[in-house]
Amino acid sequence: MGFVRNAWYVAGWSSEFGGDLRAITILEQNIVTFRAADGRVVALEDRCPHRLLPLSKGKRLGDTIQCGYHGMTFDGAGRCVRIPGQDRIPANAYVTAYPIEERHDIVWIWMGDPAQADPARLFNMPEFSDPRWHAHQGEALHLKSNYLNVAENLVDPAHVSFVHPTTLGNAASENVPVQVDTEGDPIVAWRWIRDSAPIGFFKNFGNFQGTVDRWHYYYLHLPCTAVIDFGSSDAAARLAEEDRDQGVRIFALHFMTPVNAQYTIDRWMHLRNTAQGDDAVSAQMDAMFNIAFAEDKAILEAIQEEENRPQQRPPVRLLIDKASNVYRKRIDDLVAAERPAA
């Protein structure tokens, strides 16, 4: 499978972009970025059309970039505005400019047809703007893994019992069936574990004295955004599914940026309905998430290594794979729809 290009991808947190030239790679495309004088982020093809030197190896002059080889200079729209030694600028002397949108301290980039870059298609959640919720950006997890494997991991409640036994799961959930809804976008997989010991995460942050009811809802938005809604409440409360806000509830957000076929950057953050504004709690949660995501990294990179080796037979598929199977089929259909006609 290839990449869906007509989509918004996270280029980085807002804090990653300053006035200096910064080279990034998304969908195997090299891009040079900088924050212009008016505050907007500029993203251009990182390749001079003359001798192909990356523009990121040149210099910024105001809101333009000067190539470091022969001085051709390009503005924020990708147009060549100067060629030293000649007045005529050829029509093909330009670089691709990528549409950029910045929301909630996240920089989004459109990698496909600029005419289809609709800001209304940007991922959003009402909790971003709700004062009852605290938003905290985490780190960037660099994975030597294809983004499809990473996405599958993020629509899979079943793995937490085995991969994250001290943080996000425990043995109580091993045999609890996974429910799946693949009718719309996002694809959803979920399960509740009733009247069980709290997992490590909520032993630290829930202050629960006895058993809890806990939930995991995995929402996978095509092509590369995942939201994991998880939390706990006292088992005695018998909390209904629609009343999850009454418990300790956290949204773990994962923004997957495919760099190439075997390298994905997963920027993660969380929204929580507890301890708003408490930086110490944010740091403690970061530490636990780092443990859990390091466990995911070890699994996903080992899987990628095996995928790269010859296989004698196709992998076995299980009932728990329904959501990931549908996800791969939809990605395949989107990629096929973008291919030019023969």
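Read the figures in this text as sums done on the coordinates, not as results from a lab. Treat the numbers as computed from the prediction; the structure is a model and nothing was measured. Don't worry about glycine lacking a Cβ; one is built from the backbone with ideal geometry, like all the others, and counts go over all protein chains shown.
Some points to look at:
- Helical runs assigned H by DSSP (4 residues or longer) give the chain a calculated mean residue ellipticity at 222 nm of -6000 deg cm²/dmol, each run adding -39500 (n - 2.57) before division by the residue total.
- Full-stretch length increase - E301, R79 - with 0.36 nm per residue and alpha-carbon distance subtracted: 75.9 nm
- Going by neighbour counts of Cβ atoms within 10 Å, the residues T166, T264 line up, fewest first, as T166, T264.
- Globularity index of the chain, i.e. its alpha-carbon radius of gyration over 2.2 N^0.38 Å: 1.12
- Partner lysines for K57 [C-alpha distance under 30 Å; skip if fewer than 8 residues away on the same chain]: K144
- Separation of the A237 and Q311 label points, Cα + 7 Å toward Cβ, nm: 4.3 nm
- Computed from backbone phi with θ = phi - 60° and the Karplus coefficients 6.51, -1.76 and 1.60, the 3J(HN,Hα) list for the range 77-86 is 8, x, 7, 6, 10, 7, 10, x, x, 8 Hz; x is used for glycine and proline.
- Between helix 322-338 and the chain there is an angle of about 20 degrees, using the helix long axis and the longest principal axis of the Cα atoms.
- Taking Cβ separations below 4.7 Å as the criterion for a possible disulfide partner, the isolated cysteines in the chain are C80, C224.
- Take every Cα pair under 8 Å whose residues are at least 6 apart in sequence, average their separation, divide by the length of the range 8-119, and the relative contact order is 26 percent.
- Using θ = phi - 60° and Karplus 6.51 cos²θ - 1.76 cosθ + 1.60, couplings along the range 181-192 (whole Hz; Gly, Pro as x): 10, 10, 6, x, 10, x, 6, 10, 10, 7, 6, 10
- Exposed-loop-free span, longest in the chain, where trypsin sites (Lys or Arg not before Pro) count as exposed if DSSP calls them loop and at most 10 other C-beta atoms lie within 10 Å: 133-316
- Check: the range 126-335 dipole with +1 on Lys, Arg Cβ and -1 on Asp, Glu Cβ, in debye: 320 debye
- Relative to the dominant Cα principal axis of the chain, helix 279-307 is inclined by about 80°.
- Cα gyration tensor category, rounded, prolate or oblate, for the range 249-314 with a/c compared to 1.5: prolate
- Under a 5 Å amide H cut-off, with hydrogens placed 1.01 Å from N, R47 pairs with L55 among residues at least 5 apart or on other chains.
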